[in-house]
Amino acid sequence: MKYRVKDLGLAQKGFSRIQWAEREMKVLRIIQHDFQSAKPLRGLRIGACLHVTAETAVLAKTLKAGGAEVFLCASNPLSTQDDVAASLVKDFDIPVFAIRGDTTSDYYGNIQEVIDYEVDCTIDDGCDLVFYIHKNWDNVRKKPQFGLEETTTGVIRLRALEASRQLKYPILAVNESFTKFMFDNRYGTGQSVIDGVLRATNYLLAGKVSVVCGYGWCGKGIARRLSGLGSRVRVCEVDPVKALEAVMDGFEVGKLENFVKEADIIITATGNSHVVSSKFIKASKDGAIFANAGHFDIELELDEFKDSLKQVEGRPEVYELQLEDKTVFILGQGRLVNLACAEGHPPSVMDLSFANQALGIEYMSSTHKSMEPKVFKLPDELDRKIAKLKLQSLGIDIDHLTAEQEKYLRSFEIGT
Ligand code: ADE
């Protein structure tokens with residue numbers, strides 16, 4: 001079996017981390033149990049480009065339980081948990097291609113290795129695997145028949161491919177399930193970004209002025225958690241509706257150029273490029289901390305500073321940038337802070353996201369033949385099934401409509 005991980009000797013620790021995560025991933029465990037007997041994915045070869053974490057390992061186990069073969073590469077050069085990668089190879093016979101700190105060329109080499117395994121379908125987090133396949137379509141020996149995409153950034157790229165009529169096979173946008181974006185993006189990112197900032201810096205957030213750029217589901221989660229820890233939160237947003245929402249959620253909203261001088265911490269969560277341009281980095285105050293929570297490392301404009309970044313001794317994920325009159329700090333080299341500086345979203349929320357992946361792949365494997373090469377959503381009933389299973393796993397029972405209430409909701413006769 002061909003694979004590329006840092007050190008198989010790390011497998012024992014990785015195995016324990018996978019077991020720890022699995023305890024909290026109760027929906028995925030239920031699906032794993034069902035898959036084990038029904039084998040709905042029998043013979044399916046799945047190429048997955050995901051963050052190689054303990055939570056992803058539980059998804060890979062689940063897909064294998066369903067009868068699939070899984071081939072995994074990293075979806076970011078800095079998010080790989082090397083011990084988990086080792087355990088996936090050693091304990092679960094899953095070919096993994098990922099080493100934390102990989103160069104860009106190694107990163108794409110890993111993707112190529114997964115494609116070389118001749119996969120039937122793809123799972124992506126950020127659309128790098130799908131984009132690479134499309135770019136090299138004529139040289140891809142086995143053309144995938146369908147795919148799934150995990151994240152907002154990936155779905156934006158896929159919709160652009162679809163709009164330009166270049167998308168070659170149908171893809172399920174997992175990010176568009178309610179049980180994905182309302183939980184993973186908001187509570188997962190909200191908590192794990194704070195986790196990344198704290199593990200990197202060990203700073204007190206109470207009293208600090210924090211600026212959150214972007215008030216989508218991720219930005220909302222981050223702003224709320226910063227506020228909960230006593231930070232004085234400012235929000236920058238280009239969409240007037242979202243900006244108004246931030247105002248009414250109680251945050252100070254305005255332009256970055258007006259907030260940047262007093263900010264202690266600036267966090268981007270927009271999915272767009274150069275949100276904090278180098279001009280703003282230069283205008284910030286001495287000691288300011290910059291972090292990016294978006295999928296790609298393009299939100300902080302660091303190009304002109306790349307060679308000047310120096311790792312701070314004793315703080316492995318903090319990079320110092322000496323400017324003319326001040327020193328500022330960049331976390332995780334501007335890569336997504338929750339995975340570069342911490343462990344990503346906690347297992348309980350990845351449980352929902354990856355339940356979408358597992359049920360989504362089962363759904364796509366039986367329906368893709370009748371689908372056009374477009375972007376689709378998971379059917380509502382499967383989305384709701386995941387919410388029900390999560391509530392059940394939390395021991396929470398909810399009310400149900402009476403027959404009379406159901407009838408009322410279908411009627412129009414009863415009014416004043
Ligand atoms: N994306 C964000 N957090 C993650 C995690 N823990 N595992 C896999 N993908 C993630």
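The values are calculated or read from the model by the stated rules, or taken from the named source; none is laboratory data. On a predicted model such as this, the values are computed, not experimentally measured, just so you know. Reconstructed Cβ throughout: ideal geometry from the backbone, glycine too, with neighbour counts over all protein chains shown.
Descriptive notes on the structure:
- Figure legend. Inter-residue proximity from the range 341-363: first residues over 26 Å from ASP297 (Cα atoms) and outside any helix (DSSP H, G or I), second residues of a type outside the set (Gly, Ala, Ser) and more than 7 Å from the ligand (Cβ to nearest atom), beta-carbon distance below 8 Å, spacing 6+ or different chains. No pairs are indicated.
- Residue match in the range 142-149 (condition: surrounded by 23 or more Cβ atoms within 10 Å (Cβ to Cβ), assigned to a loop (DSSP other than H, G, I, E, B), polar (S, T, N, Q) and in contact with a His (Cβ under 8 Å, 6 or more places away or on another chain)): no
- Residues of the range 313-327 satisfying the condition of being touching an Asp or Glu at 6+ places or on another chain (Cβ under 8 Å) and either under 14 Å from ALA291 (Cβ atoms) or of a type outside the set (Val, Ile, Thr) (or both): ASP325, LYS326
- Of the candidates ALA60, ALA11, ALA38, the single residue that is among the small types (Gly, Ala, Ser) and under 22 Å from the mean Cα position of the chain (by Cα) is ALA60.
- Exactly one residue among THR103, THR53 is under 18 Å from the mean Cα position of the chain (by Cα) and either under 21 Å from LEU339 (Cβ atoms) or small (Gly, Ala, Ser) (or both), and that residue is THR53.
- Residue within the range 348-355 that is surrounded by fewer than 24 Cβ atoms within 10 Å (Cβ to Cβ) and at pLDDT 95 or above present: yes
- When residues in the range 71-95 are screened for being within 17 Å of GLN12 (Cα to Cα) and either touching a Pro at 6+ places or on another chain (Cβ under 9 Å) or assigned to a helix (DSSP H, G or I) (or both), 11 of them pass.
- Filter result (closer than 11 Å to ILE133 by Cα and polar (S, T, N, Q)) within the range 94-122: GLN112, THR122
- Candidates are the residues of the range 117-132 that are touching a Phe, Trp or Tyr at 6+ places or on another chain (Cβ under 9 Å) and either within 16 Å of the ligand (Cβ to nearest atom) or outside any loop (DSSP other than H, G, I, E, B) (or both); the one that is nearest to LYS369 (Cα to Cα) is CYS121.
- Any chance VAL155 is away from the ligand (no atom under 16 Å from the Cβ) and either of a type outside the set (Gly, Ala, Ser) or buried (at least 23 other Cβ atoms within 10 Å of the Cβ) (or both): no
- Qualifying positions in the range 304-358 - within 17 Å of VAL276 (Cβ to Cβ), hydrophobic (A, V, I, L, M, F, W, C) and within 14 Å of the chain's Cα centre (by Cα): LEU336, VAL337, ALA340
- Test: residue in the range 382-391 that is over 23 Å from the mean Cα position of the chain (by Cα), without any contact (Cβ under 8 Å) to a residue 60 or more places away in the chain, surrounded by fewer than 24 Cβ atoms within 10 Å (Cβ to Cβ) and away from the ligand (no atom under 14 Å from the Cβ): no
- Of all residues in the range 84-103, those satisfying the criterion of being over 12 Å from ILE18 (Cβ atoms) and surrounded by fewer than 24 Cβ atoms within 10 Å (Cβ to Cβ) are VAL89, ASP93, PRO95, ILE99, ARG100, GLY101, ASP102, THR103.
- Residue in the range 319-340 that is farthest from the ligand (Cβ to nearest atom), counting only those that are part of a strand (DSSP E or B), touching a residue at least 40 places away in the same chain (Cβ under 8 Å) and over 22 Å from THR53 (Cβ atoms): THR327
- Here the condition is being touching a helix residue (DSSP H, G or I) at 6+ places or on another chain (Cβ under 6 Å) and outside any loop (DSSP other than H, G, I, E, B); of VAL211, VAL247, VAL241, it holds for VAL211 alone.
- Residues in the range 150-160 that are part of a loop (DSSP other than H, G, I, E, B) and among the β-branched types (Val, Ile, Thr): THR151 alone.
- When LYS61 is tested against the conditions (1) outside any loop (DSSP other than H, G, I, E, B); (2) surrounded by fewer than 20 Cβ atoms within 10 Å (Cβ to Cβ); (3) basic (Lys, Arg), the lone failure is (2).
- Qualifying positions in the range 161-180 - in a helix (DSSP H, G or I), more than 18 Å from LEU28 (Cβ to Cβ) and either within 16 Å of the ligand (Cβ to nearest atom) or touching a residue at least 24 places away in the same chain (Cβ under 8 Å) (or both): LEU161, GLU162, GLU176
- Looking across the range 20-58 at every residue that is part of a helix (DSSP H, G or I) and of a type in the set (Lys, Arg), the one that is nearest to the ligand (Cβ to nearest atom) is identified as ARG23.
- Residue count for the range 277-296, restricted to those that are surrounded by 19 or more Cβ atoms within 10 Å (Cβ to Cβ) and within 21 Å of the chain's Cα centre (by Cα): 6
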